[in-house]
Amino acid sequence: MREILHIQGGQCGNQIGAKFWEVVCTEHGIDATGRYGGDNELQLERVNVYYNEASCGRFVPRAVLMDLEPGTMDSVRSGSYGQIFRPDNFVFGQSGAGNNWAKGHYTEGAELIDAVLDVVRKEAENCDCLQGLPFTGRWNWFRHGDTPHIKDKRRVPGSHDANLLSLPIS
């Protein structure tokens, strides 16, 4: 099976990501507790692309949620589908950058990136055939926030000469 690991970052990315997971859950017949409640076996045919199946029969999204402040994570957790995510896959700071690019890039973001990469690595290692890592977030955050740290080859061992495709959403 080819798996997708969805990464969402920042307030915008996590709000879009929360809605994305609501839609994907509905399409696959998965309720807010992660249990299958659909009526068509086709809904389960490719469910493992986006979900890990837990031992208790729950489907858990293969997703990493990150932000520099805890408020966004709290709003995702308290949302209608907030309990389906793995608690370990919420990675967040405590203070935020306050819309200050330098603070987000050099201090809070630089401190958080190791934890983010660790969660991404663990999720990727659990995949048989990782197909992609779509990223949901604001274009500005994607260009200037933590992403340059992710692309820094000193932090990610090996050759990672991949093309980055970004579709700005206004």
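Please compute the modelled spin-label separation between ALA115 and ASP74, points set 7 Å along Cα→Cβ, answer in nm with one decimal. Output for this residue pair reads 1.6 nm. Each label point was placed 7 Å from the Cα along the Cα-to-Cβ direction; for LEU44 and CYS127 their separation is 2.4 nm. Distant-in-sequence amide contacts of GLY132, defined by a placed amide H-H separation under 5 Å and a gap of 5 or more residues or a different chain, comprise LEU5. In order along the stretch 81-87, the phi-based Karplus estimate (6.51 cos²θ - 1.76 cosθ + 1.60, θ = phi - 60°) of 3J(HN,Hα) comes to 10, x, 8, 7, 7, 5, x Hz; Gly and Pro are listed as x.
A short reminder: the numbers here are calculations on the coordinates, not readings from a lab. Everything numeric in this text was worked out from a predicted model, so none of it was measured. Cβ atoms come from the backbone with ideal geometry, glycine included; neighbour counts cover every protein chain shown.
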